[in-house]
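Below you'll find the structure, written out as structure tokens, and then a few comments.
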Amino acid sequence: MKTTKKQIVVRAYTPIAKPLNASIQKNSTMLLLGEIPYVNGDKVFNTKVYYIKGLRGMLRHAAMKLAYDCGIEVCHTSEKTELKDGTKLMPVGFHVLGSCDPPCMLQRIFGSFHKESRISVSADPITSISHKDYETNVAVQKVHIASETRIALSFDGVPIQDFRQSYFSGYFTFSIDVTQLTDEEIKFLIESLLYIETLGGGKNAGYGQVKLLDFDLQNVDIEKKLERNDGIYKFSEKTKAESIALDNIEDWRETVVSLHTRRASNA
Ligand SMILES: [Zn+2]
């Protein structure tokens, strides 16, 4: 069985990020996926692997900022337009999620409650391995993972509660499957990477700063086969990634912005 997909692979760095989503009493931790074995020398060790939550939301938020900046009206994340007392919730430049027909750039890429997203965002789980050399047959990303105890203070500086939060630090990679997108939509998504700033919680306290290093747009050929080996059937999978280029990615913004300005001035 042969398939082909198109993906954007992004390399990033964070000094400290808290993609937290599991709370146990006063402690929040990252989503634990389980333990995997790895080999160092002739010894086997176990390490816990965690999920990086919030990558998709991070991307969607960045895409909204880009659209706003370029004067392209897109879906907001909210379905409500106003509160009971009449307070308007929908900022200028946005419309109610899923209300656009034909669908706007954001709904075409990210979907809405009623419409499926046409991209998927994924990353190999992260893990902390203290050994310099290690071998494992599970795809993981080695980062630093730890937890810190923080103390909430009352106005007069008296500690009222302490709580533990886990965080990770280091280089990580995530992929966006863009097989279903048009070239124009891919260019929009790539341009929106420039607007990525934070991942996870605590941004007001300086956590979650994300710095993107580079990206690669790839065609990936995947070939799956059944093989019989020593009387046992096995699944084998081969993947081959090839870097591709899109015309004028760097000029996308100028083209789009001038088009919108022209439209606005003609109206
Ligand atoms: Zn929309």
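The values are calculated or read from the model by the stated rules, or taken from the named source; none is laboratory data. Note that the coordinates shown come from a computational prediction; the quantities given were computed from them, not determined experimentally. Cβ placement follows ideal geometry from the backbone for every residue including glycine, while neighbour counts extend to all protein chains displayed.
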Give the number of residues within region 78-117 that are of a type outside the set (Asp, Glu) and touching a strand residue (DSSP E or B) at 6+ places or on another chain (Cβ under 9 Å).
20
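Working only within region 78-103, note down all residues that are within 14 Å of the ligand (Cβ to nearest atom) and out of contact with any Phe, Trp or Tyr (no Cβ under 9 Å at 6 or more places or on another chain). Outline the logic, then answer.
At the first step, the residues of region 78-103 found to be within 14 Å of the ligand (Cβ to nearest atom) are 78-79, 81, 90-91, 93-103.
Selection gives Thr81, Met90, His95, Val96, Ser99, Cys100, Asp101, Pro102, Pro103.
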Return the pair list, or none, for Cβ contacts closer than 9 Å from residues in region 96-113 that are farther than 21 Å from Leu83 by Cβ and in a loop (DSSP other than H, G, I, E, B) to residues that are of a type in the set (Ser, Thr, Tyr) and more than 8 Å from the ligand (Cβ to nearest atom), at least 6 apart or on different chains.
Gly111/Ser117
Going by the conditions given, is Glu223 more than 19 Å from Ser192 (Cα to Cα), modelled with pLDDT of 95 or more and over 23 Å from the mean Cα position of the chain (by Cα)?
yes
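Restrict the check to region 15-28 and report whether at least one residue is farther than 30 Å from Leu226 by Cα, among the basic types (Lys, Arg) and surrounded by fewer than 17 Cβ atoms within 10 Å (Cβ to Cβ).
Residues of region 15-28 that are farther than 30 Å from Leu226 by Cα, as a first pass: 15-28.
Still in the list and also among the basic types (Lys, Arg): 18, 26.
Now drop any that are not surrounded by fewer than 17 Cβ atoms within 10 Å (Cβ to Cβ), which leaves 26.
The answer is yes; a qualifying residue exists.
I need the strands (runs of 3 or more DSSP E) fully contained in region 151-247, keeping only those with at least 2 residues that are crowded, with 17+ Cβ neighbours inside 10 Å. Please lay out each step first, then the result.
Values: elements: 159-177, 211-229, 232-243.
Hits in region 151-247: 159-177, 211-229.
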